[in-house]
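Beneath this line is the structure, given in structure tokens, with notes to follow.
The values are calculated or read from the model by the stated rules, or taken from the named source; none is laboratory data. Remember, it's a predicted structure, so these values are computed and weren't measured experimentally. For neighbour counting, all protein chains shown are included, and Cβ atoms are generated from backbone atoms with ideal geometry for every residue, glycine included. Side chains included, ligands, DNA and RNA excluded: accessible areas come from the protein's heavy atoms. Shrake-Rupley method; radii C 1.70, N 1.55, O 1.52, S 1.80 Å.
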Amino acid sequence: MGDFGVELARLRTRRGWTVRELAWRASVSDGQICNLESGRRNPTPTIARACDTALDAGGLLVELAETARRRPAPTPITVEADALIAGYGRILAELKDLGRSTGPEFVDGSLRSIAQNLTDTATRPGVGHRDEIWLLASKFAEYTGWMAQEAGNPAEAMRWTDLAVRWGANGGDETMAAYAYVRRASIAELRGDAEAAIRLAGRAALHPAATPLIRAHAARREAQGHASLGDHEACREAFERSRSHAQQDDRRGTRWGPRIENGNPRLIEASCLIRLRRFEQAADLFAAELEHHPDVPSDSNSRTRFAIRHATALAGLDHLDHACHVVDEHLPTIRRLDSASIRAELGRFVDQAQRRKATPGQRGVIQAAAGLAQLRQPGRTGAGLISR
């Protein structure tokens, strides 16, 4: 289920096209592309050929569409539910990978369409595996909320997060209610309210449904908040709690939030040291970790944010040539991802770099960074984000 839709989304994002651009090139509607990518609709031969031609897929999409038409539809509703859960679960993993590498604009339409399809299915009389369908809808809603936050729309992020809490409860899982406070804490950080971020992270950790993974994420938010306020001891204590909770994670149950492994503890520690203005320690940690573990974190969004943090530490040490080289190297990725969390980090780099005496070439990089940092940015970013 969803083979055509997943391949369609993969080919589209590989070309750097939005849903709207593909729809225009294939002479179909935006809604049709969303429905195809989500698996809500099967392609007609005409639409399959149009998409194949637009994407220069060499007949692959036509072949997948024909295979789907030949496959007999299962009749028992429980079997349909099994197929829906397995298929959409795989599509969610694909869309998360696409979101991490291409940014929110390329996956938002598909995420929303599938979430609607799942909730429609869950409310049908006699459907099997209803709890699992609700829980899968909740996972789609949670990631849609994160993409809305990355697009710079915190109100929409919280709307989808609230839906994720409600749908998770419909499926018998209360843990999303705990993770929702982590999402609220990250939004508070983004607007520069460190005290609110600490308070909300504390509520996440104390929630009766919180798992060790959720408590680890909450403690990281708390550590960054304390660092923003200049409280080194409280930051260190929260950071150690985060490490302890992460070690207790047994990887069972529903896993909300970012990949914990993308938050290399030493990179997180270096991120906190920047806010504490301990630039030399931060720069040394970033250099050691990013050089020795170039593939951790594994996605371009996280790698770019940590690279910019490294540049910020270097700028704080007045090593502006090295700092600008790092940022300049990542400018194409920054433009492609158009991420609110990356823009927050870029704004912090610009704040440091503009205090230094720069050459004309360095000023060009700083000005380019400043322009990108302001793009769709919802006000002053303050502390920025520590993980995801």
Quick check on residue 234: is it open to solvent by 20 Å² or more (accessible area, probe 1.4 Å) and at pLDDT 95 or above? yes
How many residues are farther than 21 Å from residue 181 by Cβ and touching a residue at least 24 places away in the same chain (Cβ under 8 Å) if we restrict to the stretch 232-246? 1
May I ask you to list pairs of residues, at least six apart or on different chains, whose Cβ atoms are under 6 Å apart, with the first in the stretch 179-196 being closer than 14 Å to residue 142 by Cβ and of a type in the set (Ser, Thr, Tyr) and the second being in a helix (DSSP H, G or I) and open to solvent by less than 10 Å² (accessible area, probe 1.4 Å)? 179/214; 181/204
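Okay, residues lined up against (1) touching a Lys or Arg at 6+ places or on another chain (Cβ under 6 Å); (2) more than 25 Å from residue 100 (Cβ to Cβ); (3) among the charged types (D, E, K, R); (4) open to solvent by 10 Å² or more (accessible area, probe 1.4 Å):
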position	(1), (2), (3), (4)
300	no, no, no, yes
329	no, no, yes, yes
337	no, no, no, no
346	no, no, no, no
Looking only at the stretch 1-30, which residues are of a type outside the set (Asp, Glu), within 13 Å of residue 107 (Cα to Cα) and open to solvent by 20 Å² or more (accessible area, probe 1.4 Å)? 10, 11, 14, 16, 17, 18, 20
